[in-house]
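Presented below is the structure to which this report refers.
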Amino acid sequence: MELLLLLLLLLACSLIFPLAAPAREITNACTSQANGFSARERHRHAPAAAPPAEPLLAGASALGPPLLRCDRPRRGAHRPPRLAPCQDSLPPPDVAPPTAPSSVPLAPGTSVGVGNYVTQLGLGTPATTYAMVVDTGSSLTWLQCSPCVVSCHRQAGPLYNPRASSTYAAVPCSAPQCGELQAATLNPSSCSASGVCIYQATYGDSSFSLGYLSRDTVSFGSGRFPGFYYGCGQDNEGLFGRSAGLIGLARNKLSLLYQLAPSLGDSFSYCLPTTASTGYLSIGSYNPAEYSYTPMVSSSLDASLYFVSLASMSVAGSPLAVSPSEYGSQPTIIDSGTVITRLPMAVYTALSKALGAAMGGAPRAPAYSILDTCFKGQVSTLRVPAVDMAFAGGATLKLAPGNVLIDVDESTTCLAFAATDSTAIIGNTQQQTFGVVYDVAQSRIGFAAGGCS
């Protein structure tokens, strides 16, 4: 019966999400079991039992257009709630007063086949580290877990094994964190037959992760933090490359930032590196004198995202020929998980025209995917004009050639911007090599040139 329910679920998901990416090849650690072991009693000092391998009762999708392997403006696919609000709670995790910041290296995701940035996150007792994509545009942290009852994409390294951690616990549907999934993922939670909370994390390119909400000790930098809530993925499909999963840093109770804030503080910073530099992700205090700031902007679109106000742009020192009101014609977010910056149509058109005129007669090349302003050659061989992006409050990104153009093949480079008729996005190509701080306590975002070492 449970196998039949699972098949019906997958059929329903395929009808609801017709654009979902095809299932990736399942790793050896994944299984096709639909009715495996049942829930077991766990002794206090014994390894935790993994959640029961039973049919998941909900499904969904997540990450943006397939350009550069993982460029996806974040969107949530809402589905009707199945459960009444949860009321009971788990015991709160032990927390200490804020301490010194904790940092980890950040690297380009090319090693795991994504266009985003990855770091190593430790999970469990004893801790095992996993290559995780860092994403400021989503809240829930999740990673692939054995036994992977539906599907797992090919991953660098082994899957996380809940049975191997003495501090693992599946989160019941009665826990308040289960009810908080609605705000964290824009999808309602569901409940397994044995009462385990089920999450569904969805993204704009129809990639998704579906699995059990879980709790374990997370290792970040030099610190270990008990009672961390995350998703233990049992069906993970789409443009995740060979990463183990995603780290969510958005403004939500279930994000890594908010869960570690009682111990480290409610700000984080990073530098997204090139292949020739070294980046970092740090949670906690920072040197405020190093940055120029723009206020975080409130928006009813999604309270968890980081909205900013783009005030103006210039090429070779000349402002774009566009009305200042066009910059604010659509809400703008800053997102580490989107590769290509999206601008309102009028702003993008003016930028494309101004850049083309300032490129000194560089021969044009055909459009590439969503990039329609392309040139023959490489960033390193062309004379690229200075491009500035100014934000409310005076913060300015003075873009280097590698922040303006992106090489798409050995003979073509393109303007790393595109037009949008919905939410504008400051993507990671433009943020590369800058120090960026998200100061949630003071509701501001800061930029500093030369942030990577």
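Number of residues in the stretch 221-250 that are within 20 Å of ASN161 (Cβ to Cβ) and within 19 Å of the chain's Cα centre (by Cα): the value is 16. Applying the condition of being more than 17 Å from the chain's Cα centre (by Cα) and polar (S, T, N, Q) to the stretch 112-145 and asking which residue is farthest from TYR306 (Cα to Cα) yields THR125.
Sub-9 Å Cβ pairs linking a first residue in the stretch 416-436 that is assigned by TED's automatic domain parsing to the domain that holds TYR117 to a second residue that is surrounded by 22 or more Cβ atoms within 10 Å (Cβ to Cβ), at least 6 apart or interchain, number zero.
Can TYR286 be described as in contact with a strand residue (DSSP E or B) (Cβ under 7 Å, 6 or more places away or on another chain), in a loop (DSSP other than H, G, I, E, B) and surrounded by fewer than 22 Cβ atoms within 10 Å (Cβ to Cβ)? Answer is yes for this residue.
Among the residues making up the stretch 394-438, those that are farther than 16 Å from LEU272 by Cβ and within 18 Å of the chain's Cα centre (by Cα) are THR423, ALA424. Summed over the stretch 326-349, residues that are assigned to a helix (DSSP H, G or I) and more than 16 Å from ASP421 (Cβ to Cβ) total 0.
Do the conditions hold for LEU281, that is, is it at pLDDT below 95 and under 21 Å from PRO108 (Cβ atoms)? Against the criterion (at pLDDT below 95 and under 21 Å from PRO108 (Cβ atoms)), LEU281 does not qualify. Among the residues of the stretch 401-453, those that are modelled with pLDDT of 95 or more and at positive phi comprise THR433, SER443.
For the stretch 120-145, the set of residues classified as more than 14 Å from GLY231 (Cβ to Cβ), assigned to a loop (DSSP other than H, G, I, E, B) and modelled with pLDDT of 95 or more consists of GLY124, THR125, PRO126, ALA127, THR136, listed by residue number. Within the option set ALA303, ALA276, being assigned to a loop (DSSP other than H, G, I, E, B), out of contact with any Phe, Trp or Tyr (no Cβ under 7 Å at 6 or more places or on another chain) and either hydroxyl-bearing (Ser, Thr, Tyr) or not assigned by TED's automatic domain parsing to the domain that holds THR202 (or both) holds for one residue only, ALA303.
Let's see how each residue does on (1) more than 27 Å from VAL297 (Cβ to Cβ); (2) touching a Cys at 6+ places or on another chain (Cβ under 7 Å); (3) surrounded by 24 or more Cβ atoms within 10 Å (Cβ to Cβ); (4) not hydrophobic (A, V, I, L, M, F, W, C):
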| site | (1), (2), (3), (4) |
| --- | --- |
| LEU186 | no, no, no, no |
| SER194 | yes, no, no, yes |
| PHE208 | yes, no, yes, no |
| GLY211 | yes, yes, yes, yes |
| THR217 | yes, no, no, yes |
| LEU254 | no, no, yes, no |
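Tell me, yes or no, whether the stretch 357-368 has at least one residue that is in contact (Cβ under 8 Å) with a residue 24 or more places away in the chain, closer than 28 Å to ASP205 by Cα, in contact with a strand residue (DSSP E or B) (Cβ under 6 Å, 6 or more places away or on another chain) and surrounded by 16 or more Cβ atoms within 10 Å (Cβ to Cβ). Yes - at least one qualifying residue is present in the stretch 357-368.
A quick yes/no check of all residues on (1) surrounded by fewer than 22 Cβ atoms within 10 Å (Cβ to Cβ); (2) touching a Ser or Thr at 6+ places or on another chain (Cβ under 6 Å):
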| site | (1), (2) |
| --- | --- |
| ASP407 | yes, yes |
| LEU415 | no, yes |
| ILE425 | no, yes |
| GLY435 | no, no |
| ASP439 | yes, yes |
| GLN442 | yes, no |
| ALA448 | yes, no |
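Checking each residue in the stretch 125-138 for being under 20 Å from ALA170 (Cβ atoms) and touching a strand residue (DSSP E or B) at 6+ places or on another chain (Cβ under 7 Å) picks out THR125, ALA127, THR128, TYR130.
The values are calculated or read from the model by the stated rules, or taken from the named source; none is laboratory data. Keep in mind the model is a prediction, meaning the values are calculated, not measured. No Cβ is skipped: glycine too gets one built from the backbone with ideal geometry, and neighbour counts run over all protein chains shown.
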